[in-house]
Structure formats: structure tokens, C-alpha cells
Amino acid sequence: METADRVPADSTPPDGQPPLTPSGTPTTPPQGQPPVPGRAAGEAPAGPDPGAAPTAEPAGSEASGPAPAAGVASGPAPAGGAASGPTPAGTEPALVAPATPRRAASAGTGRAGRSERSPKDMAISLLVLLVPIALLLAFYRGFLGGEEPTTVDPAPAIEQARAANVFPVAEPADLASGWRPTTARFQQTEQGASLRLGYLTPEGRGVQLVQSNVPAERLLPQELTDRGQAQGALDLDGRSWQRYTARGNERALVLLEPTRTVIVVGDATENELRELADSVR
């Protein structure tokens, strides 16, 4: 006798047992839930294959976990924008590779490349700066006389001193062409009057010719400092001059007269000092 599968007329389970659903019969889900497809007896429950590679959810899809209950604060969202909520059973979470800061790395590499300059580039930059400076110096020296000292005409100051008629005024005569007057000033104070003429010697040294009616005991400390000491007499054209030390590396020749004192002082050589002193008439 052939045996056929029959569905029992009464599907009421025994006490304490769940209801049985015949194989192949669709199960009606509760109201509001999606239908659950039926499966034959002995079939494995539908679900992801444990041996299959996990498949990432498409961007923008909603999480498959249950929504949190109303009034319950959800935890902080995981990094990468993954949805919060439990992962379904049997499903491994998708691995999201961390974003690589390629743009920052490339920017840093570009800056490092620009900051590393070769010695050749630095030499070219320096040459570009030095060439205009050299041209300006050449123009200043060649056309504007940048290294030439400024000369003055001492005649107005000499005439002013003679007009004051406070002491006999002398001026250098028969000086060589290399001597250049650079300063000339006549000044009167309560202590007395003074005429100062500054010269640049042929060797490029500075010398001053001072004529004054200020008493010598006041004038010499002012012009030669307190350390000025007499070093002996020197006869020039019948006049007795006195050698003196002065400030720093300077030296002086002093002519003492009843109505005036004449001082030749500077860092020039003694021969140049003598030449200027001998020219005073």
C-alpha cells in the first residue's frame, strides 16, 4: 500500500508545544510584518553563508538592526558614518579602510621640495642682488664723485674773523695742491673768539688749524684734552713751536703768542703738521 503525505486535519499541538506549520505552507505573519517565505522540512534557515565574504551595504541604505525605542538616546555614531544599532546575527560587520590623507602628504612633499634649494640656485639669487648694487656703486663713484671729500671755501670765515679784529688772523699760504679745505668756522663766546680751518692732507689725513685769543691754559685742555703733554720745541721759520701729545693717535704743534695761540693738531704725519704750521703767515 502506497503511503502518501497527508496533512493532519487537526494541527493543534500537544500541551506545551509550539504550533506546527505544514511543510510548503506559507506562514501568515502578524499584522504589520513582512511575509516569511515557507521552507521545506529539513531545510537550513535562510541566512548568509558563513564561508561567503561579507558584503558591504550600499551607500545610503538603512541599517538592518531594530530602531531604538522612543525616548532612549542612541550612542555616538561610529567613525566612518556607519549606522548605530546591533548587527544582525550571522552577519560580520563590513570593514571600512581608513581614509589616507593623500592631499596633505602631497602638499607637505611639495613644500619640502620647494624649500630644498641647491647651492647653484642660491648663488644665482645672490648674484642677481649683487649686480644692481655694484652698478649703483660704480655710478656713485664715477659720475657723482662719491668718494671725493666735500671741500669748502675758507675765505668767508677768514674775512669774518678779520672783521671782528680780536686777534691777528693768519691763513695758510703756498700749500701744495693736495691739501683740501673741508671746514671753516669763526666763533665768538664769552671766553674768547676762535677761527677753525679743517684740511685733508695729500695722504688723506685730517688736520685742524686753530687760532684763538682764549687763554692758553683754557684752550689747550679743550683742544688737546687734559692728557696733552709738551714734548719739546721745534723751530719753524724763526718761530718756536712746541710739540704736544693729543687725544688718541693725534699730535699737535702749538705756537704761543701774547695776543693769540695757534694750534695745528690732527692724526697726520709730523712732516705734514710742519708743512701746515710753516705755511701760516
Hits in the range 188-216 (condition: farther than 18 Å from Val280 by Cα, open to solvent by less than 40 Å² (accessible area, probe 1.4 Å) and in contact (Cβ under 8 Å) with a residue 40 or more places away in the chain): Val214, Ala216
Being surrounded by 13 or more Cβ atoms within 10 Å (Cβ to Cβ) and modelled with pLDDT under 90 is the filter; apply it to the range 217-229 and report the residue that is nearest to Leu256 (Cα to Cα). Gly228
Would you be able to say whether some residue in the range 171-180 is open to solvent by less than 30 Å² (accessible area, probe 1.4 Å), modelled with pLDDT of 95 or more, of a type outside the set (S, T, N, Q) and touching a Ser or Thr at 6+ places or on another chain (Cβ under 6 Å)? no
Search result, residues across the range 239-266 that are buried (at least 16 other Cβ atoms within 10 Å of the Cβ) and not in a strand (DSSP E or B): Ala246, Glu250, Arg260
Which members of the range 251-281 meet the condition of being farther than 18 Å from Ser212 by Cα and out of contact with any strand residue (DSSP E or B) (no Cβ under 6 Å at 6 or more places or on another chain)? Arg251, Asp267, Thr269, Glu270, Asn271, Glu272, Arg274, Glu275
Under 6 Å between Cβ atoms, which residue pairs at least 6 apart in sequence (or on different chains) link something in the range 147-167 that is within 16 Å of Asn213 (Cα to Cα) and open to solvent by 80 Å² or more (accessible area, probe 1.4 Å) with a partner that is part of a helix (DSSP H, G or I) and at pLDDT 95 or above? none
Across (1) touching a Leu at 6+ places or on another chain (Cβ under 8 Å); (2) open to solvent by less than 70 Å² (accessible area, probe 1.4 Å), Arg185 clears everything bar (2)
Might you check whether a residue that is modelled with pLDDT of 95 or more and of a type in the set (Ser, Thr, Tyr) occurs anywhere in the range 206-213? yes
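The values are calculated or read from the model by the stated rules, or taken from the named source; none is laboratory data. Owing to the predicted nature of the structure, the values given are computational and were not obtained by experimental measurement. Glycine also receives a Cβ, built like all others from the backbone with ideal geometry; neighbour counts cover every protein chain displayed. Areas reflect the complete protein model, heavy atoms only, side chains present, ligands, DNA and RNA absent. Shrake-Rupley method; radii C 1.70, N 1.55, O 1.52, S 1.80 Å.
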